[in-house]
1. Please tell me if B:GLY61 is in a loop (DSSP other than H, G, I, E, B), farther than 23 Å from B:VAL304 by Cα and more than 10 Å from chain A (Cβ to nearest Cβ).
2. Answer yes if at least one residue in segment B:105-112 is small (Gly, Ala, Ser), within 16 Å of the ligand (Cβ to nearest atom) and modelled with pLDDT of 95 or more, and no otherwise.
3. Can you tell which of B:LEU241, B:LEU222 is within 16 Å of B:GLY32 (Cβ to Cβ), more than 14 Å from every other protein chain (Cβ to nearest Cβ), away from the ligand (no atom under 16 Å from the Cβ) and of a type outside the set (Lys, Arg)?
4. Being exposed (fewer than 15 other Cβ atoms within 10 Å of the Cβ) and at the interface with chain A (Cβ under 7 Å from one of its Cβ atoms) is the filter here, so list the residues in segment B:318-328 that pass it.
5. Out of all the residues in segment A:391-406, is one or more under 13 Å from A:ALA249 (Cα atoms), in contact (Cβ under 8 Å) with a residue 12 or more places away in the chain and buried (at least 23 other Cβ atoms within 10 Å of the Cβ)?
6. Conditions: (1) open to solvent by 30 Å² or more (accessible area, probe 1.4 Å); (2) within 14 Å of chain B (Cβ to nearest Cβ). A:GLY346 meets all but one. Number of the miss?
Amino acid sequence: MAKKIQVIDDVTIRFAGDSGDGMQLTGSQFTDTVAAMGNDLSTLPDFPAEIRAPAGSLAGVSGFQLHFSSSDIQTPGDAPDVLVAMNPAALKVNLKDLKPGGTIIVNTGSFDTKNLRLANYSTNPLEDDSLSNYNVIPVDLTKLTMTTLEDLTLSNKEKEKCKNFFALGILYWMYNRPLDVTMKWLESKFAKKPEIMEANKRVLQAGYNYGDTTEIFTTRYDVKPAQLPKGIYRNVSGNEAVALGFITASLKSGLNLFLGSYPITPASEILQELSRYKNYGVITFQAEDEIAGIASAIGAAFAGNLAITTTSGPGLSLKLESIGLAVMTELPIVIVDVQRGGPSTGLPTKTEQADLLQAMFGRHGEAPVVILAAQSPADCFHCAYEASKIALEHMVPVILLTDGYLAFGSEPLNIPKFDELKEIKVNFVTNPEGYHPYSRDENFVRPWAIPGTPGLEHRIGGLEKKDVYGNISYEPDNHQIMVNNRLNKVLKVADFIPNVEVDGDTEGELVVVSWGSTFGAVKEAIRNVREDGKKVSHVHLRHMNPFPKNLGEVISKFKNILVPELNLGQLSLLLRNQFKCDVIQFNKVKGQPFKVSEIENKINEVLGGNNGN
Amino acid sequence: METKIDNLTTQVKYTAKDFASDVDVKWCPGCGDYSILAQVQRSSPEFGELRENIVWVSGIGCSSRFPYYMNTYGFHGIHGRAAAIATGVKLANPKLQVWVATGDGDMLSIGGNHFIHACRKNVNLKIVLFNNKIYGLTKGQYSPTSEKGKVTKSSPYGTVDWPFNPIKIAAGAGATFVARAMDRDPKHLQEMITRAAKHNGLAFVEVLQNCPIFNDGAFFHLTEKESRPDNVVYLEHGKPLVFGANQDKGIKLDGLDPVVINLNDGVHSINDVWVHDEHDSNPTREFILSRFTDVEGLPTPVGVIRQYNKPTYDGDYHHQIQDLISKKGKGTYEKLMFNANTWEVK
Ligand code: SF4
């Protein structure tokens, strides 16, 4: 039977199942395949809240959402078009997010009494009419998989484990994607387990054929390649991109990379990722606690490494005193805070942007630092690189803010050419002539003299230093001078960062000022609102301290300034304070990113009164 | 001061003065820290290290001012974190000889975690703990080594907590060189410092230090001429544990219990006395020695309690790096970024 192919612009698919169902793997295989086809994409996993939740339970549901498109996209999609539900719990947890009329591919084989009970279903939703508003495609994935593998000698358990690849095969057929990327992956992954490789390959192909031959599926879809800027791309998650950015900065600066870190959700992947790169001279010191993580990094910076520490909110709190020490000793370190829901242990696996003020002010004394915030998973690469560059060239601690949403989300990174990356200039002093530890250049930067250099033996530490000479000093005027110096050094960084660009008109009714990971949702929302003929401009901040020099001027040209944030108004507070401007806050703290539609509605609401719409 | 370098293989000829910085030393008059500083400066020429390769790291407390007075690289850290900072220095550049100057509050209270983990990992650091059994810089509160019942500014009715025994902790946590010395025995202190410098691995030296202001005389029974012989036993490798003004007392091991015997009682002889084996592969005797100070009637052992070798953390770490570089080749940007599923947009 010839089935028609319908070309669509974009689609959002969510794979959901039990933690043991291999949903992350299924999702990442689909991702690699659409990436290889040249689509733009954005993904977001949703891990179960409990690591040891019982199989089949609501708490044990694991999900992976993928948005891919023939045009440029910024978010993993508000609501999936397609939900693949491997069991009743997965259906229960994810149904509310599905688009009205969306497609549900459901594994009927798992809808037995026990699983229905675990998912708190009193009746089988496949048998009542509760799903009548959706396009439900029931497939007994379990049985079909077992039948496909009948003649293999694997155990039943091993066979059943392949069922996610049956679902993947169906999806590849539905979206007209080739199987070869996944086939190749299976070949290398299971090179030493040929039977498992064979089983998965067979099941994948069987799923594909199933779509092709059965009557259930009538339409296939095609999403054409996106027109992305030229270049070589790879898919990266935010945490992975942070790691790559630092190694790149290490290669560019010629300094070894030192990471002092203590495992913490959702930042541990950076430690894990970096620990794989020892042949790049990367040292990952898994410290005894958060404080040792940063203290060791400060020691490594003193000794001349590119030193970093990675953590999340609770860890940043523990590191604050040490950040003050890095401010005082004027050593270059980068502190990465992958923000999560707080306070206290809060929502470890959920995202939030509520550490901005902690990064800005969370120290005793006047202790300014530079703060950057990444806007997307791929931007994490550039931010880690830039944070390293600023730290090394300005002898200053830099805090890089990402968050749980960026950490685990993924998108294509246009891999920069090494030569096109900005230079990172590091000048270790070697000449004892006229050397003073706290002399400064025109940018208030002190010289970096590292142990091992003859004739430059000197002592630094947390006590106030005599200007220029660096000996301990309690003189009143000197303290004032040094406090000013440390502030001026941070402010001076503004000369080295780009001005903000306005997306849209440079004056008008409304500008949306966003920062960090809300970039994608805000950008898509603005695009949608403009399609309705409305005028709204967008300014996105990646440099949180100091702000880009033109920011105040830029936003002063608008009647309304809307600031959406995943906190209770932290950037709003900084903007009001610095620019004496009036801002409209739009805040959300649900542990989840903004939906495009939420921002859209808010923009419409703000414009509504003024446009008479 | 000018230093003369003969060449890089033979040693530079330093004198103690080469290790004195130009900063005025500001401990209280009579403080035991002066002696420790002097002995370290006197020993430093013996280390066989170029001055620029020596780094002193400290935390907070009277003892932690130490790096300012040494004409080496120095880092005065924050309270408790010296071992962690020093670990970073050493890992970043394993060619450096990294020392930690710390106190009983700094290292055993707020910095306890870093201390035990540095010992556990056998990071090649030299930790000199100035134990005065009191908080000096904050003016006289009890410390984690203050004896139970001690009356201080923050314990007017006497403390009710049991003290830490620094030697026991270092030994228990896996330090590979554990020694005790006293501020008022300069020659012996110099010897312990030099031996720590030469040890490859975590060297821990507890220095019993007098704080004349807040805990004067805490160790006088050990350090003063009249009482020292009866209260201190000097440990020397291969020598029997003999002490007393007339060298007439010895320690005998009765099973696992150390007992004091009289060598002149006609019953016991030198052959009964425990012979010190610094390099004992079994830590049992190290623990027995560490307990001497907790047991009424036993002398305080000073000297090297145990020294043994095992691979160091920083050594193994850099071996692993070198190993991987020779196996995989030194990493490059091309390998880093393009050894993945990439695709090209033309
Ligand atoms: S308070 Fe005690 S330990 Fe501190 S400097 Fe004075 S005498 Fe020395």
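The values are calculated or read from the model by the stated rules, or taken from the named source; none is laboratory data. Here the structure is a predicted model, which means the values were calculated and not measured. Positions of Cβ are generated from backbone atoms using ideal geometry, with glycine treated the same way; all protein chains shown enter the neighbour counts. In case anyone asks, the SASA skips ligands and DNA or RNA and just uses the protein heavy atoms, side chains included. Shrake-Rupley method; radii C 1.70, N 1.55, O 1.52, S 1.80 Å.
1. On the way: in a loop (DSSP other than H, G, I, E, B): yes; farther than 23 Å from B:VAL304 by Cα: yes; more than 10 Å from chain A (Cβ to nearest Cβ): yes.
Taking the combined requirement at face value, the residue satisfies it.
2. yes
3. On the way: B:LEU241 fails: within 16 Å of B:GLY32 (Cβ to Cβ).
Unique residue meeting the criteria: B:LEU222.
4. Step one: of segment B:318-328, the residues exposed (fewer than 15 other Cβ atoms within 10 Å of the Cβ) are B:319-320, B:322-323, B:326-328.
Within segment B:318-328, B:GLN320, B:LYS328 meet the criteria.
5. Taking every residue of segment A:391-406 in turn, at least one turns out to be under 13 Å from A:ALA249 (Cα atoms), in contact (Cβ under 8 Å) with a residue 12 or more places away in the chain and buried (at least 23 other Cβ atoms within 10 Å of the Cβ).
6. (2) is the only condition that A:GLY346 fails.
Conditions tested, residue by residue: (1) in contact with a Leu (Cβ under 9 Å, 6 or more places away or on another chain); (2) not β-branched (Val, Ile, Thr).
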{"residue": "B:THR284", "(1), (2)": "yes, no"}
{"residue": "B:ASP294", "(1), (2)": "no, yes"}
{"residue": "B:PRO299", "(1), (2)": "yes, yes"}
{"residue": "B:VAL304", "(1), (2)": "yes, no"}
{"residue": "B:ALA340", "(1), (2)": "no, yes"}
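Conditions (1) assigned to a strand (DSSP E or B); (2) in the same structural domain as A:LEU244 (by TED's automatic domain parsing); (3) in contact with a Phe, Trp or Tyr (Cβ under 8 Å, 6 or more places away or on another chain), marked per residue:
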position	(1), (2), (3)
A:LYS319	no, yes, no
A:GLU352	no, yes, no
A:LEU392	no, yes, no
A:THR402	yes, yes, no
A:ALA407	no, yes, no
A:LEU413	yes, yes, yes
A:PRO416	no, yes, no
